[in-house]
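Novice: Got a structure for you, written out below as structure tokens; questions coming shortly.
The values are calculated or read from the model by the stated rules, or taken from the named source; none is laboratory data. These numbers were taken from a predicted model, which means no experiment stands behind them. Here the Cβ positions follow ideal geometry from the backbone for every residue, glycine too, while neighbour counts run over all protein chains shown. Accessible surface areas use protein heavy atoms only, side chains included; no ligands, DNA or RNA. Shrake-Rupley method; radii C 1.70, N 1.55, O 1.52, S 1.80 Å.
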Amino acid sequence: MTNGANPSNPWLPFCKQDMHRKVRLFCLPYAGGAASIFRDWSAILGTEIEVCPIELPGRGTRFREKPVSDLLSLAHAVCDSILPHLDRPFVLFGHSMGALLGFEILRNLQGRFGLKPLLFFAAGRNAAHIPENKISYDLPEAALMQRLQELNGTPSGVMEHPEFKLLIMPTLRADFAISETYAYTEGPPLECPVIALGGVSDPETTVEGLDAWRQHTDSSFKLRIFPGEHFFLNSSKELMLQTMIEETNLVLAQSSQVAVGH
């Protein structure tokens, strides 16, 4: 393990279980992303929200493991791994592939254990029932590299590096397969509020597609659009995280009022 990672739970290498924090924020990455992309969020999110990035097999501190290309089995495994850490209010954030994975994790938690988060932030992905409009996971290498350039999230110099092709490309293919082979099935809506987050110039989503997340909750729904393309979570990071703080605090206050009322 590197960067101070915690080997006791490979799925949550940077989650310290700080009992002084009010809320745990579990974060799921985009295709090819590692838990480390969320590590600097703590500096912006303040002292009440503990950032707990989820490390999926095949990247970051788990780069030696084989990546998983089936979304439902991965969601089940993540669900089991975070279960012991749901001893306080929690929020789930997922971007792109992570949003789809997060949706199935929450369905899993709700169906198996009756657990729900304070909030689900679904970012950079049309609603779960809307299929991907591009198939990338089985493209030849040159075509897949072109696809990555279109997403504008990986510097071209990095993509051309031999280690990138050797270490990251298999994980990217598996991650793309997760999203692109996913078959939505009908089920009970989530019982938590859902907030869809999007980039105003994201070619991967539409306003209608993001707004369709409202179909997947029987609680409240909001849509927030930020400056940027698919990786607006980087280009508009501070604005997005400030929005997440405000929305989390709002729901936390509402839940506290309900508890006092009872």
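Novice: For Gly228, what residues show an amide H to amide H distance below 5 Å, using hydrogens built from the backbone and excluding near sequence neighbours?
Specialist: Answer set, sorted by chain and number: Val200, Ser201.
Novice: Of (1) 28, 21, 18; (2) 32, 24, 19; (3) 25, 22, 19, which one was derived for semi-axes √(5λ) of the Cα gyration tensor in Å from the structure shown?
Specialist: The listed entry that was calculated here is (1).
Novice: How large is ³J(HN,Hα) for each residue in the range 12-19, as worked out from phi by the Karplus curve 6.51 cos²θ - 1.76 cosθ + 1.60 (θ = phi - 60°), to whole Hz, x for Gly and Pro?
Specialist: Once rounded to whole Hz, the list reads 10, x, 10, 8, 8, 6, 5, 6.
Novice: With θ set to phi - 60°, apply the Karplus curve 6.51 cos²θ - 1.76 cosθ + 1.60 along the range 60-75 and write out the HN-Hα couplings as whole Hz, x wherever there is a Gly or Pro.
Specialist: x, 6, 10, 5, 7, 7, 6, x, 9, 10, 10, 5, 5, 5, 5, 4
Novice: Mind checking the angle between helix 169-180 and the chain's longest principal axis? C-alpha axes, 0 to 90 degrees, to the nearest 10.
Specialist: Roughly 60 degrees, rounded to the nearest 10.
Novice: Go ahead and run the numbers for FRET between Glu246 and Glu48, Cβ-Cβ distance against an R0 of 22 Å, rounding to 0.05.
Specialist: 0.95
Novice: Between the range 1-71 and the range 230-251, what is the separation of their alpha carbon centroids in Å?
Specialist: 18 Å
Novice: Quick check on the chain: helices-only [θ] at 222 nm, where DSSP H runs of length 4 and up contribute -39,500 (n - 2.57) each and the sum goes over total residues. Nearest 500, please.
Specialist: So the helix-based figure for the chain works out to -10500 deg cm²/dmol.
Novice: Would you please put 180-190, 15-25 in order of how densely packed they are, using the mean number of other Cβ atoms within 10 angstrom per residue and starting with the highest?
Specialist: In decreasing order of mean packing, 180-190, 15-25 become 15-25, 180-190.
Novice: In whole Hz and in residue order, list the ³J(HN,Hα) couplings for the range 80-90 that follow from phi through the Karplus curve 6.51 cos²θ - 1.76 cosθ + 1.60, θ = phi - 60°; x for Gly and Pro.
Specialist: Coupling constants for the range 80-90: 5, 6, 8, 3, x, 9, 9, 8, 8, x, 9 Hz.
Novice: Along the charge dipole of the chain, Cβ charges K/R +1 and D/E -1, which of Met145, Val207, Phe232 sits furthest on the positive end?
Specialist: The one lying farthest along the dipole's positive direction is Phe232.
Novice: For the chain, which cysteines have no second Cys with its Cβ under 4.7 Å from theirs?
Specialist: Here Cys27, Cys79, Cys192 come out as lacking a disulfide-compatible partner, given the Cβ-Cβ threshold of under 4.7 Å.
Novice: If you don't mind, another one. With r defined as the distance between the Cβ atoms of Lys237 and Met19 and R0 fixed at 25 Å, what FRET efficiency is calculated, to the nearest 0.05?
Specialist: About 0.40, to the nearest 0.05.
Novice: Carbon and sulfur: what percent of the chain's accessible surface (1.4 Å probe)?
Specialist: Values: 6440 of 11920 Å².
Its accessible area is 54 percent carbon and sulfur atoms.
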